[in-house]
Amino acid sequence: MYQYNEFDKQFVQSRVDEFSEQVQRYNAGQLDEDEFKQLRLRNGLYYQRHAYMLRVAIPYGLLSSTQLRQLASIASDYDKGYGHFTTRQNIQYNWPKLDDVPKILQQLADVEMHAIQTSGNCIRNTTTDPLAGAIGDEIEDPRPWCELIRQWSTLHPEFNWLPRKFKIAVTGALSDRAAVQVHDIGLRLHKNADNVLGFEVLVGGGLGRTPYIGSVINPFLAPEHLLTYLAAILRVYNQEGRRDNLYKARIKILVNALGIDNFREKVEQEWQLSQHEDDTFTQDYIEELKAQFPAPPKLSNSNTIDSPDQIFSNPLFNQWYKSNTKPHKDSARRIVLVSLKNNEQAAGDATSEQMRAIADLAEQYSLGEIRSTHEQNLVLAHVPTVHLFDVWNALKPLNLATPNIGKLTDMIVCPGLDFCSLANAGTIAIYDQIYARFDSIDYQHSLGDLSIKISGCMNACGHHHVGDIGILGVEKSGEEWYQLTLGGHAGNEAALGKRLGKAIPKAEVADAIERILETYVEQRNNDEETFQQVVKRTGVQPFKEKVYAIAA
Amino acid sequence: MPLLRNGILEQTSHAYLLENDMAKPKTDSTAKVEAVVSLDRFLEMAADDSAVTTQQVWLEPEHDVALLAPYVKNLELICVHFPSFTDGRGYSHARLLSKRYSYTGELRAVGDIRVDHILFMLRSGLNAFQFEATPNEALLQTLLHRYNHNYQPTYKLPQAS
Ligand code: SF4
């Protein structure tokens, strides 16, 4: 993975010094509340319902064992012993004290990390495929490109005060695991008919109040133009995006108001000139970055499981193997997904102890690296098949081996009422309600892959629009209600879920889900037909009839 | 009025927008003031060649800076108005004027200007900053020279002083 050079180190150190002094000036009354708020937001520090919340950047979801151990220490030294992995592949701490934050940032800087631009109206942490560099369907490793974007977008002087936050996602695989169609800019590395590499550039996707699937602004951008083209889009947005209404300020609203063709024309016009003026990079530089993401050493084929029968005859291991591991491009390795969805912790939470254990496992079995996923799980990407049993045995006692990856209880859940000041609803309680109802792993496996995504308000941090079943918390006369949507998807066949009907009272959410699942099982033609396919084929009507017949 | 120009903090004249060609200084009357015309007024005067009497223009965030391109050679002062420090449009104005249109005169940030942001303003091309209150000079220097590396080389860092 990318190692900081001297410049990067100095840079991050300067940022820590800067923020430490800003906190001092704030405490001394020399910085007013409004200004300090913006300055702290640029360093990932929010003020939430109970306390400050610090969001730490995990650039494109990639961590070393050393870094994860440091995150564990921060959780135990400055928080309540746990951290929360977010849908943007970052980690957040819910209880830091303001005066401790400079110290935390220093500890992060010590392991080549920071919290820059994890909040505020600026370019946020670039996200990517958590299986990059390990999965077989990859055309090009997206991570060097993500690192290039990370550097270029970090404290970019011109684009630090945008109309609204700005999120970029990159994928380099056939199957999109980075949700590029629902980002402000989505980048898809692919090869054209002449086998030449380029980016398909999408713009104006996003969830929130007004969800949109992104539109193609450029079907094939030569990679050497990546940064200047991004800058051209950002400049048009910075100048023309709406600033009068918070809810109309994302680039998707601008793209939609102008129409993609007009928007494209503006960007192209700008780019004709700006590509000769703006920052770019050399071929040597991108090659240098690529060299920092080497392919994992190929294991010899003799490195396979000694006595597979014995291992696979263990049904529990077998179940975990099926749902929580995926084929690696090297057949002597597997990709292991570490589930952060269990019956005891909030979705995406990990304790210091769990983080340390995962860091140790990564060091021992997975080339010392860990990835975070937008589904709020962690990944050990390169585990030799011979060690899968050991890894499983180590994860199990830590409650990290629930065999539910991709399954019903592998829900995406925003922090909701418990932590977020904007929330209408206690999403964590809904997660618990659903989890308790459908705890049976056999039942979950019988349903196949299925995603439930829960947001506590219209801001859609839980990505409910793109869940097979989306759950949105709404407030009606002081009570929590839940609006359900069906058939959403974030991958290649990106689609926004369709509304099922009127909102459901809090106590009845799991009942409604149960009816929905029964309907799915009844309606599907065979075990292969996915939830999304069924909803596409039948519409929401059969689901609606069942859910509201019971509720009535 | 405190003005930071070319790295030096001066007490100097205060730029204000001349409305309808009527002198209406916003500051106390004893201070020397510079009258600056709005972009629209400037373009009107420029269209009528004989009427150009000023080379000082005031830009609002929503203005299209490309309209000034034909005149930048003669302009002496362009005020870029930041109604709020969180409105980032002025950064793009400054970038375009200094980089694309090669404007070399004074490019002054006016409005809600706060010390913690002038490094980015300077890197975007602004070269003068009009403050409401006199900032701490040592702090200014620290803020301007904190970083000795950046990831956007065409947005140059200030020279070490
Ligand atoms: S969706 Fe709403 S409630 Fe949930 S984290 Fe986002 S803003 Fe908060």
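The values are calculated or read from the model by the stated rules, or taken from the named source; none is laboratory data. Keep in mind the model is a prediction, meaning the values are calculated, not measured. All Cβ positions, glycine included, derive from the backbone under ideal geometry; neighbour counts span all protein chains shown. Just the protein is used for accessible areas: all its heavy atoms, side chains included, with ligands, DNA and RNA removed. Shrake-Rupley method; radii C 1.70, N 1.55, O 1.52, S 1.80 Å.
Let me know the mean shielding of A:359-366 by other chains, meaning the per-residue number of their Cβ atoms within 10 Å of its Cβ.
Values: counts 0, 0, 0, 0, 0, 0, 0, 0.
Mean number of neighbouring Cβ atoms from other chains: 0.
What are the semi-axes of the equivalent ellipsoid of chain B, taken as the square roots of 5 times the eigenvalues of the Cα gyration tensor, listed largest first and rounded to whole Å?
On the way: eigenvalues 137, 77, 31 Å².
So the three semi-axes of chain B are 26, 20, 12 Å.
Would you work out which of A:Ser451, A:Trp161, A:Thr538 lies farthest towards the positive end of the dipole of chain A, given +1 charges on the beta-carbon of Lys and Arg and -1 on that of Asp and Glu, about the Cα centre?
Of the candidates, A:Thr538 comes out farthest on the positive side.
May I ask for the percentage of alpha-carbon pairs in region A:299-444 that lie more than 20 Å from each other? Display every interim value, and only then the final one.
On the way: 5188 of 10585 pairs.
Distances greater than 20 Å cover 49 percent of the Cα pairs.
What fraction, in whole percent, of alpha-carbon pairs in region A:412-551 exceed 26 Å separation? Walk me through the numbers on the way to the answer.
Values: 1642 of 9730 pairs.
Within region A:412-551, distances greater than 26 Å cover 17 percent of Cα pairs.
Restricting things to Cα coordinates, could you compute the convex hull volume per residue of the protein assembly as shown in Å³? Working shown, then result.
Values: hull volume 125.1 nm³, N = 713.
Here the figure is 176 Å³ per residue.
DSSP loop GluC sites (Glu not before Pro) in region B:38-88 with at most 13 other Cβ atoms within 10 Å of their Cβ, which ones? Provide the component values of the computation, followed by the final result.
Values: sites: B:Glu44, B:Glu62, B:Glu76; in loops: B:Glu62, B:Glu76.
Those satisfying the criteria are B:Glu62, B:Glu76.
Heavy-atom accessible surface, probe 1.4 Å, ligands and DNA/RNA ignored: which residues of region B:76-93 lose at least 30 Å² versus the isolated chain?
B:Phe85, B:Thr86, B:Gly88, B:Arg89, B:Tyr91, B:Ser92
Listed here are the pairs A:Lys165/A:Lys252; A:Lys298/A:Lys329; A:Lys165/A:Lys191; A:Lys165/A:Lys453; which of them are more than 19 Å apart at the Cα?
Numbers: A:Lys165/A:Lys252 11 Å; A:Lys298/A:Lys329 9 Å; A:Lys165/A:Lys191 30 Å; A:Lys165/A:Lys453 22 Å.
Pairs exceeding the cut-off: A:Lys165/A:Lys191; A:Lys165/A:Lys453.
With only alpha-carbon atoms in the gyration tensor, what are the semi-axes of the equivalent ellipsoid for region A:135-291, in Å, largest first?
Numbers: eigenvalues 121, 65, 44 Å².
Largest first, region A:135-291 gives 25, 18, 15 Å.
Between A:Asn318 and A:Ile260, what is 0.36 nm times their sequence separation minus the Cα-Cα distance? Round to one decimal in nm. Could the numbers behind the result be given before it?
Working: separation 58, 0.36 × 58 = 20.88 nm, distance 4.83 nm.
Stretched out fully, the A:Asn318 to A:Ile260 stretch lengthens by 16.0 nm.
Taking the Cα centre of the protein assembly as shown as origin, work out the dipole magnitude from +1 charges on Lys and Arg Cβ and -1 charges on Asp and Glu Cβ, in debye rounded to 20.
Details: 71 positive and 89 negative charges, 154 e Å.
So the magnitude is around 740 debye.
Within region A:6-110, how many Lys pairs that are eight or more residues apart, or on different chains, come under 23 Å at the alpha-carbon?
Numbers: A:Lys9/A:Lys103; A:Lys37/A:Lys97; A:Lys37/A:Lys103; A:Lys80/A:Lys97; A:Lys80/A:Lys103.
Count of close lysine pairs: 5.
Lysines near B:Lys99 by alpha-carbon distance under 24 Å, same-chain residues fewer than 8 away left out - which ones?
Filter leaves A:Lys266, B:Lys73, B:Lys156.
Looking at region A:135-291, send over the antiparallel percent of its DSSP beta bridges, to the nearest 5.
Working: 13 of 17 bridges.
For region A:135-291, the DSSP antiparallel bridge percentage is about 75.
Work out the charge dipole of the protein assembly as shown with +1 on the Cβ of Lys and Arg and -1 on the Cβ of Asp and Glu about the Cα centre, then indicate which of A:Trp392, A:Thr66, A:Ser477 is farthest towards its positive end.
Towards the positive end, the residue furthest out is A:Ser477.
Under the definition of partner shielding as Cβ atoms of other protein chains within 10 Å of a residue Cβ, what is the mean value for peptide B:133-143? Don't skip to the end; give the middle numbers.
On the way: counts 0, 0, 0, 2, 0, 0, 3, 0, 0, 3, 3.
Per-residue shielding by partner chains comes out at 1.
Check the cysteines of the protein assembly as shown one by one and keep only those with no other cysteine Cβ under 4.7 Å from their own.
A:Cys122, A:Cys146, A:Cys420, A:Cys457, B:Cys79
Using only DSSP helix segments of four residues or longer, with each worth -39500 (n - 2.57), what per-residue ellipticity at 222 nm results for the protein assembly as shown after dividing by its residue count and rounding to 500?
Values: 22 runs with 233 residues, N = 713.
About -10000 deg cm²/dmol.
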